[in-house]
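Asks: Let me begin by handing over the structure; questions about it come next.
The values are calculated or read from the model by the stated rules, or taken from the named source; none is laboratory data. Note that the coordinates shown come from a computational prediction; the quantities given were computed from them, not determined experimentally. Note that we place each Cβ from the backbone using ideal geometry, even for glycine, and neighbour counts take in every protein chain shown. Protein only, heavy atoms only, side chains kept; ligands, DNA and RNA dropped before computing areas. Shrake-Rupley method; radii C 1.70, N 1.55, O 1.52, S 1.80 Å.
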Amino acid sequence: MFSLQKEKPAIRNTLYILMALVLIVSVATVLFYGDRFLLGTYAKLNNDDVGYMYAAKVLLEEGTLVYKSYPDPTLFIMPGLPIILAFFMLIFGDYETTAAAFRLFQCVLQTAMIYFLFVIGRHLFNSKVALAACIIAAIYLPNYYTSGVILSESIFQFLFFLIICMTLWALNKPSTGRYIVIGILIALACYFKPQIVLFPLIIGITWLTRKYSWKKMILYTITIVMTVCVVMSPWWVRNYVDFGKFIPFTTSSGNPMLMGILPGGIPAEFYNKYPEYSPDVYDDSTETVGKIIGFNFETRPFESFKWYAFDKVLLSFEHDFYWMDLWGITQEPARVGHVILTLLGAAGLLLVWFRRKHDFTVLTLTLLYFIGVHIPFVAFSRYMYPIMFILTLTGAYLLVYLFELGSNLTSSRSKKSTGTGMKLGG
């Protein structure tokens with residue numbers, strides 16, 4: 001699945017050139033802009049990126065994971081990114097050099113993802129579609145932005161690519177070993193973004209569609225679950241030691257579900273029905289937010305359904321994860337390109353299922369899963385970035401299909417014209 005030896009030299013060489021170009025542009029971008037990628041400042045620790053850097057510094061010096069909680073340990077963030085940053089800080093020392101080295105590391109990951117995108121595209125479609133997807137990815141500006149920003153998106157997406165690759169491979173050639181690797185990758189990804197934890201459900205649904213035996217499904221499920229538990233156990237032990245209870249991931253302050261309710265905030269009628277709550281007391285507990293959402297569905301069912309099923313989906317894809325201008329390209333044209341890619345990808349996805357020539361179950365379920373787990377929360381461009389590669393693949397599929405359709409029509413007309421001319425000449 002991963003080898004390029006049997007690939008046509010023209011396609012293989014084009015892929016290598018693309019990867020080299022992505023690496024060169026990524027490196028040039030992160031070196032030129034440097035700390036202009038920072039969202040906050042080290043002095044004020046007023047954004048996620050500088051917060052992660054500070055967390056890495058304290059973790060390296062004192063062995064405690066903190067985040068705006070020093071000297072107390074935190075449950076606000078997962079430890080994946082601070083651990084990686086602490087490793088680079090151990091080697092390079094200060095904030096600035098560590099950040100530069102980490103950005104170069106992300107450039108390498110971004111380049112590797114071009115290769116894995118090709119592998120996935122070739123496996124699901126063919127080499128032409130895979131290469132077209134890689135070309136699109138090479139000009140998609142958010143991919144260069146994520147190489148420079150110090151957030152978890154780049155590493156998480158790299159792990160996500162590996163999860164997809166291994167899942168497709170294991171579904172075609174199942175083995176316990178491959179599902180152990182999938183479990184390891186899912187757990188590692190959870191150290192950066194825990195929302196990936198239910199990905200095995202996608203694998204389970206695919207097993208059912210492919211009519212796996214119950215014996216194999218039970219065996220592989222146990223394999224994945226046990227592997228995830230083993231890899232996650234250090235984090236669980238740490239949480240129990242520091243906080244005295246089992247905490248699987250985080251207990252972040254603030255509830256993004258409250259920020260994701262219907263526009264206009266909490267309706268005044270809610271407080272009439274639930275007098276135990278007051279508009280003067282801020283309460284973002286999950287129980288309270290659940291009551292607010294339930295009240296909105298009860299009093300404004302159509303508006304609420306439309307908000308969660310349509311409006312928030314559109315809002316999630318309306319903007320791209322491109323928060324600063326690079327090389328003179330402002331955010332507005334970048335956003336236009338993002339919207340075009342999203343529309344092409346959506347149309348391509350419909351075409352894939354309409355033609356039914358390719359098994360796109362895993363990536364379709366992945367797309368729906370990511371949208372589903374984020375819809376209850378505030379719409380944010382960062383949340384949808386990891387699945388843009390799926391729309392890149394389906395967008396490439398549509399473009400290749402239209403190109404081949406146009407070529408066939410032109411060839412057909414040319415043959416008819418030539419045939420008619422011969423008859424007239426005869």
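Asks: Condition test on I340, is it over 19 Å from the mean Cα position of the chain (by Cα) and open to solvent by 50 Å² or more (accessible area, probe 1.4 Å)? Working first, answer last.
Replies: Numbers: over 19 Å from the mean Cα position of the chain (by Cα): no; open to solvent by 50 Å² or more (accessible area, probe 1.4 Å): yes.
When the stated conditions are applied, I340 does not pass them.
Asks: In region 5-36, which residues are among the hydrophobic types (A, V, I, L, M, F, W, C) and in contact with a Phe, Trp or Tyr (Cβ under 8 Å, 6 or more places away or on another chain)?
Replies: Residues of region 5-36 that are among the hydrophobic types (A, V, I, L, M, F, W, C), as a first pass: 10-11, 15, 17-25, 27-28, 30-32.
Those that are among the hydrophobic types (A, V, I, L, M, F, W, C) and in contact with a Phe, Trp or Tyr (Cβ under 8 Å, 6 or more places away or on another chain): L15, M19, V25, V30.
Asks: Does region 303-317 hold any residues that are loosely packed, with under 14 Cβ neighbours inside 10 Å and farther than 19 Å from P267 by Cα, and which are they?
Replies: Within region 303-317, A309, F310, L314 qualify.
Asks: For region 1-32, which positions are within 30 Å of A170 (Cα to Cα), part of a helix (DSSP H, G or I) and touching a helix residue (DSSP H, G or I) at 6+ places or on another chain (Cβ under 7 Å)?
Replies: Of the residues in region 1-32, the ones within 30 Å of A170 (Cα to Cα) are 1-20, 22-23.
Now narrow it down to the ones that are part of a helix (DSSP H, G or I): 9-20, 22-23.
Scanning region 1-32 gives I11, T14, L15, L18, M19, V22, L23.
Asks: What pairs come out if I take residues in region 86-106 that are among the β-branched types (V, I, T) and pair them with residues that are at pLDDT 95 or above and not in a loop (DSSP other than H, G, I, E, B) whose C-beta lies under 6 Å away, six or more apart or interchain?
Replies: Filtered contacts from region 86-106: T98/F88; T98/M89; T98/F92.
Asks: Checking T41 against (1) of a type in the set (V, I, T); (2) more than 24 Å from L162 (Cβ to Cβ); (3) not in a loop (DSSP other than H, G, I, E, B): exactly one of these is not met. Which one?
Replies: (3)
Asks: If you check every pair at least six apart or on different chains, which have Cβ atoms under 7 Å apart with a residue in region 385-409 that is without any contact (Cβ under 8 Å) to a residue 24 or more places away in the chain first and a residue that is surrounded by 14 or more Cβ atoms within 10 Å (Cβ to Cβ) second?
Replies: Qualifying pairs under 7 Å: I387/T366; I387/L367; I387/F370.
Asks: Working only within region 343-376, note down all residues that are open to solvent by less than 70 Å² (accessible area, probe 1.4 Å) and either free of Cβ contacts under 8 Å to residues at least 60 places away in the same chain or farther than 28 Å from L201 by Cα (or both).
Replies: Result: L344, G345, A346, A347, G348, L349, L351, V352, T364, L367, I371, G372.
Asks: While we're on this one: In the set I139, I91, I120, which member is buried (at least 18 other Cβ atoms within 10 Å of the Cβ) and modelled with pLDDT of 95 or more?
Replies: Numbers: I139 fails: buried (at least 18 other Cβ atoms within 10 Å of the Cβ); I91 fails: buried (at least 18 other Cβ atoms within 10 Å of the Cβ).
From the options I139, I91, I120, the qualifying one is I120.
Asks: Please enumerate the residues belonging to region 126-135 that are buried (at least 21 other Cβ atoms within 10 Å of the Cβ) and either of a type in the set (V, I, T) or under 11 Å from the mean Cα position of the chain (by Cα) (or both). It would help to see each step written out before you state the result.
Replies: Taking region 126-135 first, the residues buried (at least 21 other Cβ atoms within 10 Å of the Cβ) are 129-134.
If the condition is that a residue be buried (at least 21 other Cβ atoms within 10 Å of the Cβ) and either of a type in the set (V, I, T) or under 11 Å from the mean Cα position of the chain (by Cα) (or both), then V129 is the only one that fits.
Asks: Next up: So is K245 at pLDDT 90 or above, of a type outside the set (A, V, I, L, M, F, W, C) and more than 23 Å from the chain's Cα centre (by Cα) or not?
Replies: Details: at pLDDT 90 or above: yes; of a type outside the set (A, V, I, L, M, F, W, C): yes; more than 23 Å from the chain's Cα centre (by Cα): yes.
Considered against the rule, which asks whether it is at pLDDT 90 or above, of a type outside the set (A, V, I, L, M, F, W, C) and more than 23 Å from the chain's Cα centre (by Cα), K245 comes out as yes.
Asks: Follow-up question, since we're still on this one. Condition test on D35, is it open to solvent by less than 40 Å² (accessible area, probe 1.4 Å) and either part of a helix (DSSP H, G or I) or under 27 Å from L162 (Cβ atoms) (or both)? Walk me through it before giving the result.
Replies: Numbers: open to solvent by less than 40 Å² (accessible area, probe 1.4 Å): no; either part of a helix (DSSP H, G or I) or under 27 Å from L162 (Cβ atoms) (or both): yes.
Taking the combined requirement at face value, the residue does not satisfy it.
Asks: Return the residue satisfying two criteria in turn: it lies in region 1-26 and is touching a Cys at 6+ places or on another chain (Cβ under 9 Å) and open to solvent by less than 40 Å² (accessible area, probe 1.4 Å), and of such residues it is farthest from C107 (Cα to Cα).
Replies: L15
Asks: Assigned to a helix (DSSP H, G or I), in contact with a helix residue (DSSP H, G or I) (Cβ under 9 Å, 6 or more places away or on another chain) and open to solvent by 40 Å² or more (accessible area, probe 1.4 Å), is that true of Y385? Don't jump to the end; show me each part of the working.
Replies: Details: assigned to a helix (DSSP H, G or I): yes; in contact with a helix residue (DSSP H, G or I) (Cβ under 9 Å, 6 or more places away or on another chain): yes; open to solvent by 40 Å² or more (accessible area, probe 1.4 Å): no.
So Y385 does not fit the description; no.
Asks: Among residues belonging to region 288-302 that are among the polar types (S, T, N, Q) and crowded, with 16+ Cβ neighbours inside 10 Å, point out the one that is modelled with the highest pLDDT. If you could, list the steps in order and put the result at the bottom.
Replies: At the first step, the residues of region 288-302 found to be among the polar types (S, T, N, Q) are 288, 296, 299.
Filter once more, keeping what is crowded, with 16+ Cβ neighbours inside 10 Å: 288, 296.
Values: T288: 84, N296: 89.
Among those residues, the one meeting the criterion is N296.
Asks: Right, something else. Would you be able to say whether some residue in region 101-114 is open to solvent by 60 Å² or more (accessible area, probe 1.4 Å), at pLDDT 95 or above, closer than 24 Å to L159 by Cβ and of a type outside the set (A, V, I, L, M)?
Replies: yes
Asks: Could you figure out which of (1) touching a Leu at 6+ places or on another chain (Cβ under 6 Å); (2) free of Cβ contacts under 8 Å to residues at least 12 places away in the same chain; (3) closer than 23 Å to L159 by Cβ isn't true of D49?
Replies: (2)
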